[in-house]
Every structure is written in structure tokens, then in C-alpha cells.
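Below: the structure, in C-alpha cells.
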Amino acid sequence: MAMRQKMRNHLDQSTDVLFDIKQGVGGIIDLEFLVQFLILANAHAHPDIAAYSDNIRQLEGLAQAGLLSEDERSALSQAYLGLRGLAHKAALAKTDALLDPAMAVPWTQAVTAAWKTYLDSA
């Protein structure tokens, strides 16, 4: 997905020792991009998946339509909530949304695994 890579090249502030919660590989924007891609690619056959604008209900709709497994839905929902929680804490502390990558590993792994499954071949 060239468009996402172009965005990442311009916006990702990750370094060798810090992970950008929003723009980093496996971060919030990757997850949101994945969800939107799946909805746009499948809404013609499953119009109900486009009923909601929030990621959690969109993930639920994708699973109900059989486009994601329940395990994928659960992992991606947990990743979204976890990463959003970290971003909110950073905002409240008035710090950049950069952190030790180890703090987000289970979530970024879920997002990158789904990315490989659904977008690497698109």
C-alpha cells in the first residue's frame, strides 16, 4: 500500500529506540487504514459493514460478515483500545506520542499480522 508508506515516510517519528503510537508500523493509523480498506473493498457485498464510523463497531461488523475471524476482531479491537489508551496518556501528560516499542508489542504484532494477511496482497 504505497499511499500508507508515503504517509509513514512523511509523518512517522519513530526512531531506533522510540515507537510513534500513531504513525509507526503497526500503530493506530495502520489499524485505521486496514479497517477502512476492508470496508471499502467489501461494502458492495456487505453494506452493513459501513453502518458505523467507529473502529470498534466496524471491526465487529467485519467479523459478523465473515471478513475477519473472531480472533482477529478481538486482537485488533484490543490493539486499537490499547494504542488509543497510550496516546491519550501521552496527550494528558503533554508529551509526544512516542514510547518504548516494548510497551506496544502485542498490539503492534496484531496489527502487522492483519496487515500482512489483508493488505500485502492487495
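Throughout, read-outs are computed from the coordinates displayed, never taken from laboratory work. Here the structure is a predicted model, which is why all the values come from computation and not from measurement. No Cβ is skipped: glycine too gets one built from the backbone with ideal geometry, and neighbour counts run over all protein chains shown.
Loop-only check: which chymotrypsin sites (Phe, Trp or Tyr not before Pro) in segment 32-122 are DSSP coil with at most 15 other Cβ within 10 angstrom? Intermediate values should be presented prior to the final figure.
Numbers: sites: Phe33, Phe37, Tyr52, Tyr80, Trp107, Trp115, Tyr118; in loops: Tyr52.
Answer by residue number: Tyr52.
Please give, to one decimal in nm, the separation of the simple spin-label points placed at Gln64 and Leu11, each 7 Å out from Cα toward the Cβ.
Computed distance between label sites Gln64 and Leu11 equals 2.9 nm.
Given Ala75, Leu59, Thr95, which one lies farthest toward the positive end of the charge dipole of the chain, if we put +1 on the Cβ of every Lys and Arg and -1 on the Cβ of every Asp and Glu?
Thr95
Return the FRET efficiency for the residue pair Ala93, Gln36: r is the Cβ-Cβ distance, R0 is 25 Å, and the value is rounded to the nearest 0.05. Intermediate results must be reported in sequence, preceding the final value.
On the way: r = 29 Å, r/R0 = 1.16.
It comes to 0.30.
What is the sum of charges, Lys and Arg at +1 and Asp and Glu at -1, for the other residues whose Cβ falls under 12 Å from the Cβ of Tyr118? Mind dumping the intermediate values first?
Working: positive: Lys116; negative: Asp30, Glu72, Asp120.
Cβ neighbours under 12 Å give a net charge of -2.
Note down the net charge around Leu99, summing +1 for each Lys or Arg and -1 for each Asp or Glu among other residues with Cβ under 12 Å from its Cβ.
Details: positive: Lys22, Lys89; negative: Asp20, Asp96, Asp100.
Once positives and negatives cancel, what remains is -1.
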